[in-house]
Amino acid sequence: MSNYRRAFVQNSYVFITFKTYNNSHILIDNIEILRNAFTKAMNKYNFEIFAISILPDHIHLILKPEKIEEYPKIIYSIKFNFSIKIVSPSINLTESKVKKGEKGIWQRRYWEHTILSEEDLYKHLDYIFYNPVKHGYVNAVKDWEYSSFVKFVKLGWYDINWGNNNDIMKIQNMNCE
(Lines give C-alpha, C1' and ligand atoms only; values in the text may rest on other atoms or scores of the structure.)
Protein backbone atom coordinates (compact mmCIF):
# COMPACT_ATOMS: atom_id res chain seq x y z
CA MET A 1 0.00 0.00 0.00
CA SER A 2 1.18 3.50 -0.81
CA ASN A 3 2.09 6.12 1.79
CA TYR A 4 0.79 8.85 -0.50
CA ARG A 5 -1.11 11.59 1.33
CA ARG A 6 -2.97 14.59 0.04
CA ALA A 7 -3.19 17.92 1.81
CA PHE A 8 -6.72 19.18 2.32
CA VAL A 9 -6.55 22.86 3.27
CA GLN A 10 -10.04 24.32 3.52
CA ASN A 11 -10.83 27.39 1.37
CA SER A 12 -7.79 26.91 -0.82
CA TYR A 13 -7.29 26.55 -4.54
CA VAL A 14 -5.83 23.34 -5.93
CA PHE A 15 -3.71 23.22 -9.07
CA ILE A 16 -4.16 19.89 -10.86
CA THR A 17 -2.63 18.29 -13.93
CA PHE A 18 -4.01 15.06 -15.32
CA LYS A 19 -2.89 13.24 -18.44
CA THR A 20 -4.13 10.70 -20.90
CA TYR A 21 -2.66 7.22 -20.91
CA ASN A 22 0.45 7.05 -23.10
CA ASN A 23 -0.07 10.76 -23.87
CA SER A 24 -2.84 9.92 -26.36
CA HIS A 25 -4.02 13.02 -28.21
CA ILE A 26 -7.75 12.52 -27.63
CA LEU A 27 -8.96 15.47 -25.57
CA ILE A 28 -9.33 18.23 -28.17
CA ASP A 29 -10.81 15.77 -30.69
CA ASN A 30 -13.45 14.92 -28.08
CA ILE A 31 -13.87 18.35 -26.52
CA GLU A 32 -17.68 18.18 -26.28
CA ILE A 33 -17.51 14.85 -24.43
CA LEU A 34 -14.93 16.40 -22.11
CA ARG A 35 -17.10 19.49 -21.52
CA ASN A 36 -20.04 17.21 -20.69
CA ALA A 37 -17.84 15.27 -18.26
CA PHE A 38 -16.97 18.52 -16.48
CA THR A 39 -20.65 19.52 -16.41
CA LYS A 40 -21.63 16.19 -14.84
CA ALA A 41 -18.94 16.58 -12.19
CA MET A 42 -20.16 20.13 -11.48
CA ASN A 43 -23.72 18.85 -11.11
CA LYS A 44 -22.55 16.31 -8.52
CA TYR A 45 -19.96 18.38 -6.61
CA ASN A 46 -19.87 22.06 -5.76
CA PHE A 47 -16.68 23.57 -7.17
CA GLU A 48 -15.41 26.41 -9.29
CA ILE A 49 -13.04 25.98 -12.20
CA PHE A 50 -10.93 29.03 -11.52
CA ALA A 51 -8.61 28.55 -14.51
CA ILE A 52 -8.08 25.85 -17.12
CA SER A 53 -6.10 24.90 -20.20
CA ILE A 54 -6.96 21.76 -22.14
CA LEU A 55 -4.28 20.34 -24.42
CA PRO A 56 -4.60 17.30 -26.67
CA ASP A 57 -3.15 14.94 -24.06
CA HIS A 58 -3.43 16.69 -20.69
CA ILE A 59 -5.35 19.24 -18.66
CA HIS A 60 -4.11 21.90 -16.26
CA LEU A 61 -6.66 23.50 -13.98
CA ILE A 62 -7.10 25.36 -10.76
CA LEU A 63 -10.12 24.24 -8.77
CA LYS A 64 -11.83 25.82 -5.80
CA PRO A 65 -13.98 23.07 -4.26
CA GLU A 66 -16.57 23.96 -1.64
CA LYS A 67 -15.41 20.88 0.30
CA ILE A 68 -11.67 20.57 -0.26
CA GLU A 69 -11.61 16.86 0.53
CA GLU A 70 -13.82 16.25 -2.54
CA TYR A 71 -11.29 17.28 -5.19
CA PRO A 72 -10.09 13.68 -5.75
CA LYS A 73 -13.73 12.70 -6.33
CA ILE A 74 -14.13 15.61 -8.74
CA ILE A 75 -11.16 14.46 -10.83
CA TYR A 76 -12.42 10.87 -10.71
CA SER A 77 -15.85 12.02 -11.87
CA ILE A 78 -14.42 13.98 -14.82
CA LYS A 79 -12.26 11.05 -15.88
CA PHE A 80 -15.09 8.53 -15.44
CA ASN A 81 -17.70 10.54 -17.33
CA PHE A 82 -15.28 11.16 -20.19
CA SER A 83 -14.20 7.51 -20.31
CA ILE A 84 -17.69 6.03 -20.52
CA LYS A 85 -18.41 8.08 -23.65
CA ILE A 86 -15.14 7.50 -25.47
CA VAL A 87 -14.06 4.54 -27.56
CA SER A 88 -11.02 2.94 -25.96
CA PRO A 89 -7.80 3.15 -27.91
CA SER A 90 -6.65 -0.25 -29.09
CA ILE A 91 -4.02 -1.01 -26.46
CA ASN A 92 -3.12 -4.00 -24.37
CA LEU A 93 -4.31 -3.33 -20.84
CA THR A 94 -2.56 -4.86 -17.87
CA GLU A 95 -4.48 -7.31 -15.72
CA SER A 96 -4.48 -4.70 -12.94
CA LYS A 97 -6.14 -2.10 -15.20
CA VAL A 98 -8.77 -4.60 -16.36
CA LYS A 99 -9.55 -5.56 -12.72
CA LYS A 100 -10.05 -1.89 -11.84
CA GLY A 101 -12.36 -1.34 -14.80
CA GLU A 102 -9.95 1.01 -16.55
CA LYS A 103 -10.15 1.56 -20.30
CA GLY A 104 -6.64 2.84 -20.91
CA ILE A 105 -7.72 6.45 -21.41
CA TRP A 106 -6.19 8.21 -18.38
CA GLN A 107 -3.04 7.87 -16.37
CA ARG A 108 -4.03 6.66 -12.90
CA ARG A 109 -2.45 9.40 -10.87
CA TYR A 110 -2.46 13.14 -11.28
CA TRP A 111 -0.31 16.01 -10.07
CA GLU A 112 -1.86 18.28 -7.48
CA HIS A 113 -0.59 21.26 -5.55
CA THR A 114 -2.42 23.24 -2.88
CA ILE A 115 -2.08 26.96 -3.54
CA LEU A 116 -1.51 28.87 -0.32
CA SER A 117 -0.45 32.34 -1.47
CA GLU A 118 -1.35 34.93 -4.05
CA GLU A 119 2.15 34.70 -5.52
CA ASP A 120 1.76 30.94 -5.95
CA LEU A 121 -1.66 31.44 -7.58
CA TYR A 122 -0.23 33.86 -10.15
CA LYS A 123 2.71 31.55 -10.83
CA HIS A 124 0.38 28.66 -11.60
CA LEU A 125 -1.92 30.83 -13.73
CA ASP A 126 1.11 31.84 -15.80
CA TYR A 127 2.08 28.19 -16.17
CA ILE A 128 -1.42 27.12 -17.25
CA PHE A 129 -1.81 29.85 -19.84
CA TYR A 130 1.67 29.54 -21.34
CA ASN A 131 1.54 25.75 -21.59
CA PRO A 132 0.04 25.54 -25.14
CA VAL A 133 2.85 27.80 -26.40
CA LYS A 134 5.46 25.73 -24.52
CA HIS A 135 4.20 22.60 -26.30
CA GLY A 136 4.19 24.32 -29.70
CA TYR A 137 0.44 24.32 -30.36
CA VAL A 138 0.29 28.10 -30.85
CA ASN A 139 2.77 30.97 -31.01
CA ALA A 140 0.81 33.29 -28.71
CA VAL A 141 -1.08 32.56 -25.49
CA LYS A 142 -4.14 34.45 -26.78
CA ASP A 143 -4.46 32.05 -29.73
CA TRP A 144 -5.22 28.90 -27.70
CA GLU A 145 -9.01 28.58 -27.63
CA TYR A 146 -9.12 25.79 -25.03
CA SER A 147 -8.11 27.90 -22.06
CA SER A 148 -9.65 30.46 -19.76
CA PHE A 149 -6.98 33.05 -20.58
CA VAL A 150 -9.46 35.45 -22.23
CA LYS A 151 -11.57 35.42 -19.03
CA PHE A 152 -8.56 36.78 -17.14
CA VAL A 153 -7.85 39.37 -19.84
CA LYS A 154 -11.45 40.62 -19.47
CA LEU A 155 -10.96 40.78 -15.69
CA GLY A 156 -7.85 42.91 -16.22
CA TRP A 157 -5.44 40.34 -14.76
CA TYR A 158 -3.51 39.93 -18.04
CA ASP A 159 -2.84 41.97 -21.14
CA ILE A 160 -4.11 40.24 -24.30
CA ASN A 161 -0.52 40.06 -25.59
CA TRP A 162 0.88 38.54 -22.39
CA GLY A 163 3.51 35.89 -22.91
CA ASN A 164 6.53 37.82 -24.18
CA ASN A 165 10.11 36.85 -23.30
CA ASN A 166 10.13 38.81 -20.01
CA ASP A 167 6.90 37.15 -18.91
CA ILE A 168 8.19 33.71 -19.79
CA MET A 169 11.45 34.04 -17.86
CA LYS A 170 9.35 33.80 -14.66
CA ILE A 171 7.87 30.42 -15.53
CA GLN A 172 10.60 28.62 -17.46
CA ASN A 173 11.75 26.55 -14.51
CA MET A 174 8.28 25.35 -13.44
CA ASN A 175 7.39 21.77 -14.26
CA CYS A 176 3.89 20.70 -13.26
CA GLU A 177 3.37 17.76 -15.59
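The values are calculated or read from the model by the stated rules, or taken from the named source; none is laboratory data. Small disclaimer: the values here were computed from a predicted structure and weren't measured. All Cβ positions, even for glycine, are placed from backbone atoms using ideal geometry, and neighbour counts span all protein chains on display. Ligands, DNA and RNA are stripped out before the accessible areas are found, and what is left, the full protein with its side chains, is counted by its heavy atoms. Shrake-Rupley method; radii C 1.70, N 1.55, O 1.52, S 1.80 Å.
Using the basic label-point model (7 angstrom from Cα toward the beta carbon), what is the LEU155 to MET42 distance in nanometres?
1.4 nm
Quick one: of LYS19/LYS44; LYS85/LYS154; LYS64/LYS154; LYS64/LYS142; LYS79/LYS154; LYS40/LYS134, which pairs are farther than 28 Å apart, Cα to Cα? Let's see the in-between values first.
Details: LYS19/LYS44 22 Å; LYS85/LYS154 34 Å; LYS64/LYS154 20 Å; LYS64/LYS142 24 Å; LYS79/LYS154 30 Å; LYS40/LYS134 30 Å.
Distance filter (> 28 Å) returns LYS85/LYS154; LYS79/LYS154; LYS40/LYS134.
Leaving ligands, DNA and RNA out of it, work out the accessible area of ARG6 with a 1.4 Å probe and give it in Å² to the nearest 10.
About 80 Å², rounded to the nearest 10.
What is segment 1-87 by shape, rounded, prolate or oblate, if you read a ≥ b ≥ c off the alpha carbon gyration tensor as root eigenvalues and call it rounded for a/c under 1.5, prolate for a/b larger than b/c, and oblate otherwise? Kindly include the intermediate steps, with their values, before the conclusion.
On the way: a/c = 1.76, a/b = 1.44, b/c = 1.23.
Prolate.
Once fully extended, how much extra length lies between SER117 and ILE49, figured as 0.36 nm per residue of separation less the alpha-carbon to alpha-carbon distance?
On the way: separation 68, 0.36 × 68 = 24.48 nm, distance 1.77 nm.
Result for the pair: 22.7 nm of gain on full extension.
Just by accessible area at a 1.4 angstrom probe, what is the order of TYR13, TYR122 from largest to smallest?
Working: TYR13 55, TYR122 80 Å².
Result of the area sort, largest leading: TYR122, TYR13.
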